[in-house]
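For reference, the structure discussed in these notes is given below.
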Amino acid sequence: MQTTSDENLIGRIGGGDRLAMQVLYARHHVRVYRFMLRLVRNEATAEDLLSDVFLDVWRQAGKFEGRSAVSTWLLSIARFKALSVLRQRGEEELDDEQAAAIEDQADDPEIAMAKKDKGEALRQCLSKLSAEHREVIDLVYYHEKPVDEVAAIVGVPEATVKTRMFYARKKLSELLKQRGIDRGWP
Amino acid sequence: MTTANESGRGDIEDLLPWYAAGTLGPRDIQRVETALAEDPELARRYQLVREESAQTIHLNETLGAPSARAAETLFAKIDAEPARAPAISGNLGARIRDFFAALSPHTVAWSAAAAAIAIVLQAGVIGVVLLNEKNGGGYETASAPSTSSGDGTYALIRFQPQSSAADITHFLDANKLNIAEGPLAGGLFRVRIAPTRLAQTDRDRLITTLQTDQVVSFIAATQ
């Protein structure tokens, strides 16, 4: 079955086609929402931003040049909106050292259980990463973005993307080690 | 493992997250697979990457989805936006490419035939006008009466891509329809569905009837 390409939808949206907008929204809204929710950590804020992102798409579709995938363009807009909110909040991301300190405070039942369940421990540690590290890990593993598209979304060179991914994974291993799970790497 | 080996492994190891996600190019896939086959320590580390990938997906999938409120807000804002003319963007080439790619060979052939007929008719009209002028006669088209857009009832129709030219011609003839414009953006045709301006209820009834024909993919009333 043939489906209309995202690029075609954007072309139609540029011409004011509301139905094309509904199709594009249905196709991408969940992933865009989750990407922003992981950054802003607030469901209501992420929903508000979601409307703003797609409203920008409606307004800017005529200017889309197709240099990257439409999903990459959407995530770039989403990232900009999410970071703007974080800046407005003046909210400092939880520092990695602080996060580690909190986890070290006590080997409570929750942590003990996490030690038994490596998957759960990994997910908890993924949530403890800095916004910068969460972002690159989500883009690579969940949003399935190749190196060049991550670079386009984040606005850094491709080499920096690889380096950032390495340090994000390294930090993940350190957090796991603090929970008693030694992966033997790095 | 020596330092030299560790250094050589580093380049490949950097690629493992993208290899796990399936987003590497063929050349890099080949490099990674060769290295994984030759280096047990790298293969062990790749298992760590796979665990991270699986848990990142799991974590994101449990985040839930936005409520209907987000869509309602968005489309209320869109409806409040001023109407705009179709944009002629830098993406026009891609749109034209997509349009033709979406058409079946039958539809393309049919469109070409329709365009050829239009050119012949136009040439005929011009010829008659020139002939009349030469003979000192007044302006009179060879075909009458006029079907200017001010008359009649019109609809936008998109035909099923798999419909043949014969199917579409039969549909037009059987329902006494005339194509006024097209193909327009999105593969639409502006079709005169009645020679006079019908009342809305009659027009809607006619459109509902036409909609049931298997060659019709989309139909909506238009001016």
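FYI, it's all coordinate maths here, none of it is from the lab. This one's a predicted model, so the numbers in the text were calculated from it and none came from an experiment. Glycine gets a Cβ as well: all are built from the backbone with ideal geometry, and neighbour counts include every protein chain shown.
Expressed in nm to one decimal, what extension gain is obtained for the pair residue B:65 and residue B:11 from 0.36 nm per residue of sequence separation less their Cα-Cα distance?
Working: separation 54, 0.36 × 54 = 19.44 nm, distance 3.71 nm.
Length gained between residue B:65 and residue B:11: 15.7 nm.
Would you mind ranking B:19, A:167, A:141 so that the residue whose beta carbon has the fewest other beta carbons within 10 Å leads the list? Don't skip to the end; give the middle numbers.
On the way: B:19 22, A:167 16, A:141 26.
Sorted ascending by nearby Cβ count, the order is A:167, B:19, A:141.
Mind giving me the FRET efficiency for residue B:222 and residue B:28? R0 is 45 Å, r the Cβ-Cβ distance, nearest 0.05 is fine. Mind showing how you got there, number by number?
Values: r = 51 Å, r/R0 = 1.14.
The computed FRET efficiency comes out at 0.30.
So what is Rg over Rh here for the stretch A:6-89, counting just Cα atoms and using Kirkwood for Rh?
Values: Rg = 12.5 Å, Rh = 12.8 Å.
Checking Rg against Rh, the ratio lands at 0.97.
What is the sum of charges around residue B:20, taking Lys and Arg as +1, Asp and Glu as -1, for the other residues whose C-beta is under 9 Å from the C-beta of residue B:20?
Working: positive: B:50; negative: B:52.
Charge balance near residue B:20 sits at 0.
Using amide H atoms built in the peptide plane, which far-off residues or other-chain residues are under 5 Å from residue B:159 H to H?
Here the answer is B:217, since their amide H atoms fall under 5 Å of that of residue B:159.
Please find the FRET efficiency linking residue B:80 to residue B:173, where r is the Cβ-Cβ separation and R0 is fixed at 41 Å, and quote it to the nearest 0.05. Write out the running numbers ahead of the final one.
On the way: r = 44 Å, r/R0 = 1.08.
Rounded to the nearest 0.05, the efficiency is 0.40.
Where does the charge balance sit around residue B:58 when Lys and Arg score +1, Asp and Glu -1, over other residues with C-beta under 14 Å from its C-beta? Don't jump to the answer; show the numbers that get you there.
Values: positive: A:34, A:38, A:118, A:123, B:50; negative: A:117, A:120, A:138, B:51, B:52, B:61.
Summing Lys and Arg as +1 and Asp and Glu as -1 gives -1.
Under 19 Å from a label point 7 Å along Cα→Cβ of residue A:132: give me every residue in the stretch A:7-40 with its amide N that close.
From the stretch A:7-40, the list is A:38-40.
Assuming R0 = 22 Å, what is the FRET efficiency of residue A:170 and residue A:120, from their Cβ-Cβ distance, to the nearest 0.05? Let's see the in-between values first.
Numbers: r = 21 Å, r/R0 = 0.95.
The pair residue A:170/residue A:120 has a calculated efficiency of 0.60.
Would you mind counting up the charge near residue B:192? Only other residues with Cβ under 13 Å from its Cβ, with Lys and Arg at +1 and Asp and Glu at -1. Show your work: numbers first, answer last.
Values: positive: B:176, B:190, B:197, B:203; negative: B:151, B:181.
After counting each charged neighbour, the total is +2.
Give me A:185, B:18 ranked fewest to most by other Cβ atoms within 10 Å of their Cβ, as a rough exposure proxy. The partial results should precede the final answer.
Details: A:185 13, B:18 25.
In order of increasing Cβ crowding within 10 Å: A:185, B:18.
Taking neighbour Cβ counts within 10 Å as the exposure measure, how do A:30, B:32 sort from fewest upward? Don't skip to the answer; put the middle values down first.
Working: A:30 16, B:32 20.
The fewest-first ordering by Cβ neighbours comes to A:30, B:32.
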